[in-house]
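The values are calculated or read from the model by the stated rules, or taken from the named source; none is laboratory data. These numbers were taken from a predicted model, which means no experiment stands behind them. Counting neighbours? That spans all protein chains shown, and the Cβs are built from the backbone with ideal geometry, glycine included. Just the protein is used for accessible areas: all its heavy atoms, side chains included, with ligands, DNA and RNA removed. Shrake-Rupley method; radii C 1.70, N 1.55, O 1.52, S 1.80 Å.
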Amino acid sequence: NAGVTQTPKFQVLKTGQSMTLQCAQDMNHNSMYWYRQDPGMGLRLIYYSASEGTTDKGEVPNGYNVSRLNKREFSLRLESAAPSQTSVYFCASSAASGGIRWETQYFGPGTRLLVL
Amino acid sequence: AQKITQTQPGMFVQEKEAVTLDCTYDTSDPSYGLFWYKQPSSGEMIFLIYQGSYDQQNATEGRYSLNFQKARKSANLVISASQLGDSAMYFCAMREIGGRGSTLGRLYFGRGTQLTVWP
């Protein structure tokens, strides 16, 4: 059981370049999330997917798009990267099927992105 | 207003001693969950413990316990018998059940407390 996996682990982009961050979970979870973590701050929600086929904006969605490819995979795309998007990106998933205990989110190892 | 407040940017504790990390929260939703995560220097987010707003007893998981005081809206993490490997950043987070729109599914995180355990 790998849990939540993310690729790549590190990425350097130039301003204006695009890239897709990949996330997959093997826990049969319904809900998946993308967060960013900036220095001195907790995590902030970018987008989430409550179930396969649905996506919704979180707190900081500007500059990002997502795709819930199937139940296992949830990708985050930066169409035109900006230095303000330099951050650590975490993908998470939760079962989210009855009762708040099922809302516990399990995180991937993170992707460190630097935009020059 | 901040949903989660962690007032201790850094804490120091000697090995084998207990330490309490503070967390206060703000919500008007009667149904919510409180979570603690550990982030070691390697960067991953590790789930430690969970407390539901309707749980009658304080949560415990091994050396971790959660001191839940609902009236004070506090959910402090207690680590007993600290170990060197406990040195990490600790985040308190909350999930509201009644969230709508952009708040649905969201975990609100505090800014974290950096715990250092010394020999």
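Data overview
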| read-out | value |
| --- | --- |
| Hits in region B:42-68 - residues which are away from chain A (no Cβ under 14 Å) and of a type in the set (D, E, K, R) | B:63 |
| Subset of region B:9-34 (residues that are at pLDDT 95 or above and within 12 Å of the chain's Cα centre (by Cα)) | B:20, B:21, B:22, B:23, B:24, B:25 |
| Condition check for residue A:32: open to solvent by 20 Å² or more (accessible area, probe 1.4 Å), closer than 18 Å to residue B:106 by Cα and among the aliphatic types (A, V, I, L, M) | no |
| Tally of residues being charged (D, E, K, R) and within 14 Å of the chain's Cα centre (by Cα) across region B:71-85 | 1 |
| Residue that is farthest from the other protein chains (Cβ to nearest Cβ) [pool: residues in region A:40-55 that are open to solvent by 50 Å² or more (accessible area, probe 1.4 Å) and under 21 Å from residue A:110 (Cβ atoms)] | A:55 |
| Residue check, residue A:72 in contact (Cβ under 8 Å) with a residue 40 or more places away in the chain and open to solvent by 50 Å² or more (accessible area, probe 1.4 Å) | yes |
| Unmet requirement for residue A:87, which otherwise passes all of (1) buried (at least 16 other Cβ atoms within 10 Å of the Cβ); (2) out of contact with any Gly (no Cβ under 9 Å at 6 or more places or on another chain); (3) at pLDDT below 90 | (3) |
| Among the residues listed as B:81, B:18, B:71, the single one being more than 14 Å from chain A (Cβ to nearest Cβ), small (Gly, Ala, Ser) and on the phi > 0 side of the Ramachandran plot | B:81 |
| Residue identified as within 14 Å of chain B (Cβ to nearest Cβ) and charged (D, E, K, R) among A:72, A:77, A:112 | A:112 |
| Identity of the residue in region A:97-116, crowded, with 17+ Cβ neighbours inside 10 Å and more than 19 Å from residue B:45 (Cα to Cα), that ends up modelled with the lowest pLDDT | A:100 |
| Matching residues in region A:6-59 - criterion: being in contact with a strand residue (DSSP E or B) (Cβ under 7 Å, 6 or more places away or on another chain) and among the acidic types (Asp, Glu) | A:38, A:52, A:56, A:59 |
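A quick yes/no check of all residues on (1) modelled with pLDDT under 95; (2) open to solvent by less than 30 Å² (accessible area, probe 1.4 Å):
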{"site": "B:51", "(1), (2)": "yes, yes"}
{"site": "B:67", "(1), (2)": "no, no"}
{"site": "B:77", "(1), (2)": "no, yes"}
{"site": "B:84", "(1), (2)": "no, no"}
{"site": "B:87", "(1), (2)": "no, no"}
{"site": "B:91", "(1), (2)": "no, yes"}
{"site": "B:103", "(1), (2)": "yes, no"}
{"site": "B:106", "(1), (2)": "yes, no"}
